[in-house]
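**Student:** Pasting in a structure now, in structure tokens, and then I'll have a few things to ask.
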Amino acid sequence: MDGAELIERLRREGGFRLLPLLGNTGQVAGVHLTRFLPGGHLEVIQAWDERWAAYARLSDSLDAGAPFTGPAGGTVRSGPFASVVAPLLPIQSGLTAP
């Protein structure tokens, strides 16, 4: 399964919203996918190409005393796009878990 198919499944089956990921030149360099989960969590995927992506699951909360500090805890992983997103979708042939 290629990256475009995975992105479409993440949007259709996973409920992720898609935004362009801009590089330092202002050109589109990849995709930024997000979804809010019940219980106050936010999941974010950033993929530059099929070889490299990053995933984070964070608490959807804000520390008013330090608004630019990321939330403590959470889950973070990175690697090939298909491996990073495999745990987020139902098992399908062609996907491999990390």
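Since every read-out is calculated from the coordinates, none of them should be taken as a lab result. Please read these numbers as outputs of a predicted model, since none were measured by experiment. FYI the Cβ positions are ideal-geometry reconstructions off the backbone, even for glycines, and counts take in every protein chain you see.
Yes or no, residue by residue, for (1) under 17 Å from residue 87 (Cβ atoms); (2) touching a strand residue (DSSP E or B) at 6+ places or on another chain (Cβ under 7 Å); (3) part of a loop (DSSP other than H, G, I, E, B):
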{"position": "10", "(1), (2), (3)": "yes, yes, no"}
{"position": "20", "(1), (2), (3)": "no, yes, no"}
{"position": "24", "(1), (2), (3)": "no, no, yes"}
{"position": "29", "(1), (2), (3)": "no, yes, no"}
{"position": "33", "(1), (2), (3)": "yes, yes, no"}
{"position": "42", "(1), (2), (3)": "yes, yes, no"}
{"position": "45", "(1), (2), (3)": "yes, yes, no"}
{"position": "54", "(1), (2), (3)": "yes, yes, no"}
{"position": "61", "(1), (2), (3)": "no, no, yes"}
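Here's the yes/no breakdown for (1) surrounded by fewer than 16 Cβ atoms within 10 Å (Cβ to Cβ); (2) touching an Asp or Glu at 6+ places or on another chain (Cβ under 9 Å); (3) of a type in the set (A, V, I, L, M):
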| residue | (1), (2), (3) |
| --- | --- |
| 5 | yes, no, no |
| 8 | yes, no, no |
| 11 | yes, no, no |
| 15 | yes, no, no |
| 23 | yes, no, no |
| 26 | yes, no, no |
| 30 | no, yes, no |
| 41 | no, yes, no |
| 47 | no, no, yes |
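**Student:** Going residue by residue through region 65-85, is there one that turns out to be surrounded by 12 or more Cβ atoms within 10 Å (Cβ to Cβ), part of a strand (DSSP E or B) and in contact with a Ser or Thr (Cβ under 7 Å, 6 or more places away or on another chain)?
**Tutor:** Within region 65-85, none of the residues are surrounded by 12 or more Cβ atoms within 10 Å (Cβ to Cβ), part of a strand (DSSP E or B) and in contact with a Ser or Thr (Cβ under 7 Å, 6 or more places away or on another chain).
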